[in-house]
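The structure appears right after this line, and notes come after that.
The values are calculated or read from the model by the stated rules, or taken from the named source; none is laboratory data. Remember, predicted model here, so these are calculated numbers, not experimental data. No Cβ is skipped: glycine too gets one built from the backbone with ideal geometry, and neighbour counts run over all protein chains shown. For the accessible areas, the whole protein counts, side chains as well, though only heavy atoms, and no ligand, DNA or RNA atoms are used. Shrake-Rupley method; radii C 1.70, N 1.55, O 1.52, S 1.80 Å.
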Amino acid sequence: MTVTEGNTFIETMEEIGDLWSIDQVMDVYADYTLQDALGDRMESISRFTDMIGTILNRR
């Protein structure tokens, strides 16, 4: 991933409240394409929100 793509990743994730620095993006996703990095992160967020939903609905 290029730094320009990293900035696009940051902007996209900010839209849903997932804040990243360019250093974090490059540490985690430097070897990914932008689309693969976005897909991976969105999948992680989806799994996390599913877990939170399951916990909250146990009552």
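The table below lists the values:
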read-out	value
C-alpha long axis of helix 3-14 to longest principal axis of the chain, angle in °	20
1.4 Å probe accessible area per residue over the chain, in Å²	75
MRE, 222 nm, helices only [DSSP H, n ≥ 4, -39500 (n - 2.57), over the chain, to nearest 500]	-23500 deg cm²/dmol
Average Cα contact separation per residue, the chain, under 8 Å, 6 or more apart, as relative contact order %	34
Backbone N under 11 Å from the I16 label point (7 Å along Cα→Cβ), restricted to region 25-43	38-43
Among D18, D27, D40, residue whose mean-square fluctuation peaks in a GNM of the chain (springs only between Cα atoms under 10 Å)	D27
Within the accessible area of the chain (1.4 Å probe), percent carbon and sulfur	51
Accessible area (Å², 1.4 Å probe, nearest 10) - I45	40
